[in-house]
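A short worksheet on the structure shown next.
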Amino acid sequence: MWELQDEFEDDGYEEEEVHHLLERRAPEYGSLLQAIRAYEAFARRLQDAFDILRSESARRDAQGYPVPEVARDEEFCQSVNGLHDRFTAAHHALADISLVGAALPHLFVERFGRFEVPMDAAACALVLCEHHEIVQRGKSAEGKRPWFDRIGRERIYMRHTYRVARREIQPDRYVHEYRSHPIRRFHKDLS
C-alpha cells in the first residue's frame, strides 16, 4: 500500500485513482473495488440530485418549493437518469463480494429499494424527499427532523440551516471516503 501513496504525492490526490491502481496491483480486491465503484456511482447520483433539490428549493420562501418542478433542471435530470440501472449494478456488485455474505445486498435493498424501479425525474424528486424523511427518522430512537418541512404532498420548505448554494454535479467522484486519505496523511507524517 505504501508504494501506492508515492504515486499520489501531488495536491490532486484522488481516492478513486488509488482504487484503480490497487486493482491493478492486487487483483484479488477487484470485486470489492467494483462494489465500491458501483455503490458510489449510485450514491453520487442521489447526493447530487438532493443537493440540486436543496439549492433550488432555497430560492423559494413562504410559498415553498413544488418538488416536481426540479424535473426541469438539466443537471437534476442527468443525476437521476438511469438511477434504477445504477441501483441494479450496485446491488449485483455487492452480491459478488464473498467477504460479507448476503447481508450487504439485503441491507442495500432495505435502504435504497425505492430507487429500484424506473421513474421520471419528477417522481424521483418526490421519492428522494421521502427517502430523506425515512433516513432522518431512523437516525435515533426519537428520529431527527427532515431538513425541510412539508407544505402538502408535493411542496417543501427547505429550512435555512440546510440550504446550500448551487454547485456542479460530480458524477465521477465518490461521496464517501474509504480511509485512504487518513492513511496517506499518516504515512506522510511518518516520513
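Each residue in the range 82-109 was checked for being crowded, with 16+ Cβ neighbours inside 10 Å and closer than 23 Å to Glu56 by Cα, and 1 of them qualify. Per this entry, Asp120 is counted among residues that are in contact (Cβ under 8 Å) with a residue 40 or more places away in the chain and farther than 21 Å from Gly30 by Cα. Set side by side, the residues Arg86, Arg167, Arg114 differ, and just one is within 25 Å of Glu15 (Cα to Cα), of a type in the set (Lys, Arg) and touching an Asp or Glu at 6+ places or on another chain (Cβ under 8 Å), which is Arg167.
The condition (being basic (Lys, Arg) and over 21 Å from the mean Cα position of the chain (by Cα)) is satisfied by just one residue among Arg60, Arg37, Arg54, Arg45: Arg60. For the range 141-191, the tally of residues that are at pLDDT 90 or above and of a type in the set (A, V, I, L, M, F, W, C) stands at 8.
The values are calculated or read from the model by the stated rules, or taken from the named source; none is laboratory data. Fair warning: this is a prediction, and the values are worked out from it, not measured in the lab. Every residue, glycine among them, receives a Cβ derived from its backbone with ideal geometry; neighbour counts consider all protein chains shown.
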